[in-house]
Structures are given as structure tokens and as C-alpha cells.
Amino acid sequence: MTPDDVRAAFGVSRETTARLERFVQLLGRWNRSINLVSPGSLAAVWTRHVADSLQLLELAPDGVESWIDLGSGGGLPALPVAAAAAETRPRLRLTMVESDTRKAAFLAAAVRELGLEATVEPCRIEALAPRPYDVVSARALAPLPRLFELAHPFTGPATVLLFPKGERLDSELTAAEAAWHSRAERIASRTEPAAAVLRIRELRARR
């Protein structure tokens, strides 16, 4: 995908596309000194990172105001989501959680340079005070059993969880169901044929 392809596929404006281009430039520059993403993936950054992140914003409910992204790393999906939401969902406030201090510094710099409504929490996920968010997301953070454990403190009755997953989704979900009940919907990925986005509208521990 190119920037024009992403603009057409997701209906983003030229202003948002320009903001996403600045994000791509920042990611490439910082990636030379910090391992934010696989260097080989930068050749297909608009497909593997930008479009792959933007598809989550399309799956979020209307009226979302609070979104927490766990283990944000290189800002994926959080920074592309925040960049697109700045124009289409101006009330959305996004929180990124990243314990690696260098990656957290990148996230904070990107938020400043892109002018985004987002907060960086440079700490472990477990250190945050529990509170419900409208959306919880995580990309390439942990297998589903652990991911459910980490995400649960940030859920409420109306929370939607969005987790991109690859070919191991079925086995991970089976393992998670031993300890967790979830009302999950599998949505085919728009960027990777073998992948899917797991959209969950209910998550609770089994007794």
C-alpha cells in the first residue's frame, strides 16, 4: 500500500494522510537506534503498520472517548489511530502504556510532533490503577490468556477489546477459554489473509 492507497481504503483526508506520513518518517528515523519494529517491515510500512492499525479504528464503536493501548512499543496501533481520530473522532483521548523507557520516549516525542490528543504512561501495565475504558487494544503483546489477564482491569460493561491476531488465534482462544468467558467476534484482517482482529464485547473470569 501507498499513502494514496491508505487514503482511498480508509477514507482519510489529505491532512490525516500528511500526519501519517510524518509518523512514518519518525518511525523510520527512531528505528535506526531503537528496535521499534522489524527493520524489514519498513519496506511495507503503509500496509503492515499504518493500514493494519487503522482497521482497528473502523471496528471501534461510535462515540468512543477513551482508549487504552497496552504495550504500545512503536506506537502501533495507537499512533495511527490517534492521527486519524484527530479529525474524525475529536473527543477521543488515547492512553499508551509502555514500560521500556526508550520506546516511551519515542511515543512522547511522536505525540508532541504530531499534535495528538494522547497520553504516554511509561510504566508496567500492572502498575496502572484499574479503570474502565471504552476501548482496549494490544498488538503483538502476549498470547490471549495473558492478554485477557492484563486487559481485564481496564474493562467495564460497555468496553470493546480489539486484538489483532495471526494464525495461532484458534489455539490461543481455546487456551484462554479455560479461565475466561468472552463474547468474541473474529473479523478478517484487511492487510493479512492469515490474520484476524478479535473484537470482544464481554470479558469476565470464570469462577
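Kindly evaluate residue 44 against the criterion of being of a type in the set (Gly, Ala, Ser) and under 25 Å from residue 186 (Cβ atoms). The answer is yes for residue 44. Of the residues making up the range 192-203, just one is of a type outside the set (Asp, Glu), assigned to a strand (DSSP E or B) and without any contact (Cβ under 8 Å) to a residue 40 or more places away in the chain, namely 196.
Residue count for the range 73-116 under the criterion of being buried (at least 19 other Cβ atoms within 10 Å of the Cβ), assigned to a helix (DSSP H, G or I) and β-branched (Val, Ile, Thr): the result is 2. For the range 158-191, the set of residues classified as loosely packed, with under 15 Cβ neighbours inside 10 Å and not in a strand (DSSP E or B) consists of 158, 166, 167, 168, 170, 171, 174, 178, 179, listed by residue number.
None of 185, 192 is at pLDDT 95 or above, closer than 27 Å to residue 10 by Cα, more than 15 Å from the chain's Cα centre (by Cα) and among the acidic types (Asp, Glu) except 185.
Could you list, in sequence order, the residues of the range 8-36 that are open to solvent by 50 Å² or more (accessible area, probe 1.4 Å) and outside any loop (DSSP other than H, G, I, E, B)?
Of the range 8-36, the ones open to solvent by 50 Å² or more (accessible area, probe 1.4 Å) are 8, 11, 14-15, 21-22, 25, 29-30, 32-33, 35.
The answer is 8, 14, 15, 21, 22, 25, 29, 30.
What number of residues in the range 158-168 are more than 16 Å from the chain's Cα centre (by Cα) and at pLDDT 95 or above?
The initial filter retains those residues of the range 158-168 that are more than 16 Å from the chain's Cα centre (by Cα), namely 158, 167-168.
Still in the list and also at pLDDT 95 or above: 158.
The total comes to 1.
For the range 59-72, filtered to residues that are surrounded by 14 or more Cβ atoms within 10 Å (Cβ to Cβ) and outside any strand (DSSP E or B), the residue that is nearest to the chain's Cα centre (by Cα) is 72.
In the range 117-140, what count of residues is obtained for those that are closer than 13 Å to residue 99 by Cβ, open to solvent by 30 Å² or more (accessible area, probe 1.4 Å) and in contact with a helix residue (DSSP H, G or I) (Cβ under 6 Å, 6 or more places away or on another chain)? Outline the logic, then answer.
Here is the first cut: in the range 117-140, the residues closer than 13 Å to residue 99 by Cβ are 120-128.
Restricting the remaining residues to those that are open to solvent by 30 Å² or more (accessible area, probe 1.4 Å) gives 120-124, 126-128.
With in contact with a helix residue (DSSP H, G or I) (Cβ under 6 Å, 6 or more places away or on another chain) added as a condition, the list becomes 120, 122.
The total comes to 2.
The values are calculated or read from the model by the stated rules, or taken from the named source; none is laboratory data. These numbers come from a predicted model, not from an experiment. Methodologically, a virtual Cβ is constructed for each residue, glycine included, from the backbone with ideal geometry; neighbour enumeration extends over all protein chains shown. To get the accessible areas, we keep the full protein, side chains included, count just its heavy atoms, and leave off ligands, DNA and RNA. Shrake-Rupley method; radii C 1.70, N 1.55, O 1.52, S 1.80 Å.
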